[in-house]
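> To start, I am sharing the structure in question, which I have written as structure tokens.
The values are calculated or read from the model by the stated rules, or taken from the named source; none is laboratory data. Being a predicted model, the structure only gives us computed values, none of them experimental. Heads up, the Cβs are rebuilt from the backbone with ideal geometry, glycines too, and the neighbour counts pull from every protein chain shown. What goes into the accessible areas is simple: the full protein's heavy atoms, side chains included, and nothing from ligands, DNA or RNA. Shrake-Rupley method; radii C 1.70, N 1.55, O 1.52, S 1.80 Å.
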Amino acid sequence: MGKTIVLLALFLAIVLNVQTSFVVAETKVYVVYLGEKKHDDIESVTESHHQILWSLLGSKEAVQDSIVYSYRHGFSGFAAKLTESQAQQISEIPGVVQVIPNALYELTTTRTWDYLGLSPGNSQSLLQKTNMGSSVIVGVIDTGVWPESEMFNDKGYGPIPSRWKGVCEYGELFSPSNCNKKLIGAKFFIDGYFAEFGVVKTTEKPEYISPRDFHGHGTHVASTVGGSFVHNVSYLGLGRGSVRGGAPGVQLAIYKACWQDGTCSGVDVLKAIDEAIHDGVDVLSLSLGLKVPLYQETDVRELTSVGTFHAVAKGITVVASAGNDGPAAQTISNVAPWILTVAATTLDRSFPTTITLGNNITTLGQAIFGGPELGFVDLTYPEKPLIGDCAGLAANPKNTMEGKVVLCFTADLSSAGLVNGIIAVKNAGGLGVIIARNPTHQLIPSRDFPCVMVDFELGTDILFYIRSTSSPIVKIHASRTLVSYPVATKVATFSSRGPNSVSPAVLKPDIAAPGVNILAAVSPNSSISDGGFAMTTGTSMATPVVSGVVVLLKSLHPNWSPAAIKSAIVTTAWRTDPSGEPIFADGSSRKLADPFDYGGGLINPEKAARPGLIYDMTIDDYVLYLCSTDYNDTSISQVLGKTTICPNPKPSVLDLNLPSITIPNLKDEVTLTRTVTNVGPPNSIYKVVIDPPMGVNMIVTPKWLVFNSMTKKVSFKVRVSTTHKVNNGYYFGSLTWTDKVHNVVIPVSVRTQILQRY
């Protein structure tokens, strides 16, 4: 190894012709990705990274100033501060896969588990069979943890597994004594953030330079995955019950890589993934992502995809959020096929809030308003200067809002302008707001300042009342908790939608789970904390719900691959809500949900434990996927750490053994292949049931799959053609294998492209 380093250094000195210069060029953080490690001696791996930089920069001091991280566990590479010219020079070195600028990521539950049928009361339940996930370690990459929360108590826990290699690090207001037998690891990664933004000014925006969570997001996510039982919990008096995570017996490892304002430096996230691989986690949960436009999954700029590829190659299941940029199409993130990508739905729970007008007309809005009731007070609608636009309320004179409830309208699906408007009303001495907007589920919690959401129709009715009288008044009652009927399940407006903008033949999202008004632990510093708990909303909240289920499946089936776990979840999902009612997708107009809204459907934990058949994949399948992209043999070989030659002709992405079929450009007839593995009774016979998309013909051969003790895997072919004569949008259907006990369903999405698009 020493000779190799010396030769590499000599090569750099000759080829790069390094010269001393007194011109200071701007530096940025770059990731130098070298692919799979060549050996397991991490000190030698680190030294090789330093040698590359030393040969470029000319001194050890310059190397120390430049390098941010060495990635040396799951893969080989490093992050460093380089000029554009230096980055270009390093990219030309043999063995370097890519050199890419740093990327910035952004952060994207009491009733949840009963709603999903995951109750501890039944001795035959998945929770009881898996001892609540006690044999599994899950890593959470987020904003840290508030370890004192009762949801992280370790009552009843046994010893920490001997295979665990992680530690609990010292930092600001954090030490190893903050960990226990449940919270077994805590690390923080801030060097990339420092390199990108400079010193963290904690006086302006408070933060702990340690694994401790100030923001509250990471605590909420971790406690949703595996928080211990805490009884008689509510939020502002709403949603009262026992709160817990999906796998209350799991052991948690925290990797803090997201900081002030929820910003996550990509090089910090990549280092967290690298360390989690080394430490021995079984599952990784990432409630973060990039915005579109996305990079190819094999492009190191898509840092989570590159890092998680190596994690999945080592048997770690990776669960990540779809993003909060819905309801627009093609906004989904974390689209690599080896990631389990999660969309967000509502629960069968709402918080109706009664509004009584001065004419005794009563209507219902939605709010998280703990009361007390706001008696009859003045009601106003600002006619000027912005005609009651919620984001423009700050422009109104204070005396027009003081002592009144303010009605406003907004068509903006984001919350930033809305929050600013609410603050303006409160600062002016206003008593509350009624917000008319498109149907949404992003409620703003309030103790003594009601923020009630209504739709445009109800908002217009209230406006007509205001204009009909010289002295409009209103009474706002405290919110109530309504569970089950008649509350329907919907894909949340904000949940990012498919199709996949990077690889349209790979269905995303994979699955949906509750992510609206989820009650869990937070940091007491959080502005919305109520006794250390809060209801929050986002695909960030849906992701740990799925991570908790993955933990239970991993505990029940420890030898299942990440692809097997994904398949079990996708093929057993609910296509209706648990009560049998249709699932709609909210947005500018409501429609029935389709695979681009919720993937396979709403996660069904108990069914996922017994899927019957699975669509399994190994690293070799993902290599064929890489071959179907623009990566060449050399680059793939470096990523894998072994010589790899792609087949000729190039494999079709349609043949990737996904638990879905997505054909984005059907013109001529195509035939694709899938392989299923029997994980049910050895002697089983399955029959195919086809629900083809409209105007699409599907022929499956064979029509029966026969399994026995010798035959555990069977392949089948699907021939697909279209009767459409013009280009059109996607139509949806399904393909089901059934043995009358198990229904193994995969979604089918087809778009006809008769003529080339312009």
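> What FRET efficiency comes out for the pair Glu402/Asn359, r = Cβ-Cβ distance, R0 = 22 Å, nearest 0.05? Each step should come with its number before you reach the end.
Values: r = 24 Å, r/R0 = 1.08.
Rounded to the nearest 0.05, the efficiency is 0.40.
> How much of the accessible area of the chain, in percent, comes from carbon and sulfur atoms when a 1.4 Å probe is used? List each step's numbers first, then the result.
On the way: 15790 of 29560 Å².
The nonpolar share, carbon plus sulfur, comes to 53 percent.
> At 0.36 nm per residue, and after removing the present C-alpha to C-alpha distance, how many nm does the segment from Lys291 to Lys205 gain when stretched out fully? Intermediate results must be reported in sequence, preceding the final value.
Working: separation 86, 0.36 × 86 = 30.96 nm, distance 2.42 nm.
So the extension gain works out to 28.5 nm.
> Let me ask something else about it. Can you tell me the relative contact order of the range 420-473? Whole percent, Cα pairs under 8 Å, sequence separation 6 or more.
Details: 48 pairs, mean separation 16.0, N = 54.
Taking the mean separation of contacting Cα pairs over the length of the range 420-473, I get 30 percent.
> I need the shape label for the range 352-480. Rule: rounded when a/c is under 1.5, else prolate if a/b > b/c, else oblate, with a, b, c from the alpha carbon gyration tensor.
Details: a/c = 1.22, a/b = 1.05, b/c = 1.16.
Rounded, because the longest to shortest axis ratio a/c is under 1.5.
> Among the DSSP beta bridges whose two residues both lie in the range 352-480, what percent are antiparallel, rounded to the nearest 5? Before the final figure, lay out the partial values.
Working: 12 of 26 bridges.
The antiparallel proportion sits near 45 percent.
> For Leu284, what residues show an amide H to amide H distance below 5 Å, using hydrogens built from the backbone and excluding near sequence neighbours?
Gly139, Thr317, Val318, Val319
> How charged is the neighbourhood of Pro682? Take every other residue with its Cβ under 15 Å from the Cβ of Pro682, and add Lys/Arg as +1 and Asp/Glu as -1. Before the final figure, lay out the partial values.
Working: positive: Arg610, Lys712, Lys713; negative: Asp739.
Here the charged neighbours net out to +2.
> For Trp704, what accessible area in Å² do you get when you roll a 1.4 Å probe over the heavy atoms of the protein chains, rounding to the nearest 10?
Surface accessible to solvent at Trp704 totals approximately 140 Å².
> Roll a 1.4 Å probe over the protein heavy atoms and report the accessible area of Leu270 in Å², nearest 10.
Per-residue accessible area (Leu270): approximately 0 Å².
> Moving to a separate point now. Just to verify a number: what accessible area does Phe194 come out at with the full protein assembly present, 1.4 Å probe, Å² rounded to tens?
We get 80 Å² for Phe194.
> Using Cα pairs under 8 angstrom and six or more residues apart, how large is the relative contact order of the range 113-183, in percent?
On the way: 36 pairs, mean separation 16.9, N = 71.
Contact order relative to length: 24 percent.
> Okay, moving on. Got a sec? What order do Lys165, Lys475 fall in by accessible area at 1.4 Å, biggest, i.e. largest, first? Please list the in-between numbers first.
Numbers: Lys165 130, Lys475 45 Å².
Correct descending sequence by accessible area is Lys165, Lys475.
> I would also like to ask the following. What is the range 136-272 by shape, rounded, prolate or oblate, if you read a ≥ b ≥ c off the alpha carbon gyration tensor as root eigenvalues and call it rounded for a/c under 1.5, prolate for a/b larger than b/c, and oblate otherwise? Please report the intermediate quantities before stating the final value.
Numbers: a/c = 2.13, a/b = 1.35, b/c = 1.57.
Oblate, since a/c reaches 1.5 and b/c is not below a/b.
> Pairs Lys554/Lys591; Lys642/Lys717; Lys566/Lys713; Lys28/Lys650; Lys508/Lys591; Lys566/Lys740: which are spaced more than 26 Å apart, C-alpha to C-alpha? Each step should come with its number before you reach the end.
On the way: Lys554/Lys591 35 Å; Lys642/Lys717 31 Å; Lys566/Lys713 18 Å; Lys28/Lys650 37 Å; Lys508/Lys591 18 Å; Lys566/Lys740 22 Å.
With Cα atoms farther than 26 Å apart: Lys554/Lys591; Lys642/Lys717; Lys28/Lys650.
> Just by accessible area at a 1.4 angstrom probe, what is the order of Glu207, Glu383, Glu92 from largest to smallest? Can you show the working numbers first?
Values: Glu207 15, Glu383 80, Glu92 110 Å².
From most accessible down to least: Glu92, Glu383, Glu207.
> Hey, can you grab everything whose amide H is under 5 Å from the amide H of Phe449? Only 5+ residues off in sequence or another chain; H modelled, so Pro and N-termini drop out.
none
> For the range 338-355, what does the Karplus curve 6.51 cos²θ - 1.76 cosθ + 1.60, with θ = phi - 60°, yield as ³J(HN,Hα) per residue in whole Hz, taken in order and with x for Gly and Pro?
Couplings: 8, 9, 8, 9, 10, 8, 10, 10, 7, 8, 8, 9, 9, 10, x, 10, 7, 10 Hz.
> Averaged per residue, what accessible surface does the range 209-258 expose to a 1.4 Å probe, in Å²?
On the way: 950 Å² over 50 residues.
In whole numbers, the range 209-258 has 19 Å² accessible per residue.
> Among the aspartates and glutamates, select those whose C-alpha is under 19 Å from the C-alpha of Lys426, and discard any that sit fewer than 8 residues away in the same chain.
Lys426 reaches Glu373, Asp378, Glu383, Asp389, Glu402, Asp448.
> So what's the back-of-envelope 222 nm ellipticity for the chain, counting only DSSP H runs of four-plus at -39500 (n - 2.57) apiece and dividing by all residues, rounded to 500?
On the way: 18 runs with 173 residues, N = 758.
So the helix-based figure for the chain works out to -6500 deg cm²/dmol.
> Looking only at Cβ-Cβ distances, which cysteines of the chain have no other cysteine closer than 4.7 Å?
Flagged as lacking a Cys partner: Cys451.
> Further question on the same structure: Tell me the relative contact order for the range 585-734 as a rounded percent, counting alpha carbon contacts under 8 Å between residues six or more apart.
Values: 199 pairs, mean separation 33.5, N = 150.
Relative contact order comes out at 22 percent.
> Within the set of other residues whose C-beta is less than 11 Å from the C-beta of Gly430, count the net charge using Lys and Arg as +1 and Asp and Glu as -1. Mind dumping the intermediate values first?
Details: positive: Lys398, Lys404, Lys426; negative: Asp378, Glu402.
That sum, taken over residues with Cβ under 11 Å, equals +1.
> If the cut-off is 16 Å between C-alpha atoms, which lysines fall inside it for Lys155, apart from same-chain ones fewer than 8 positions away?
Cα-Cα hits under 16 Å: Lys181, Lys182.
> Which order do Arg212, Arg480, Arg72 take by accessible area at a 1.4 Å probe, largest first?
Details: Arg212 15, Arg480 120, Arg72 55 Å².
Sorted by accessible area, descending: Arg480, Arg72, Arg212.
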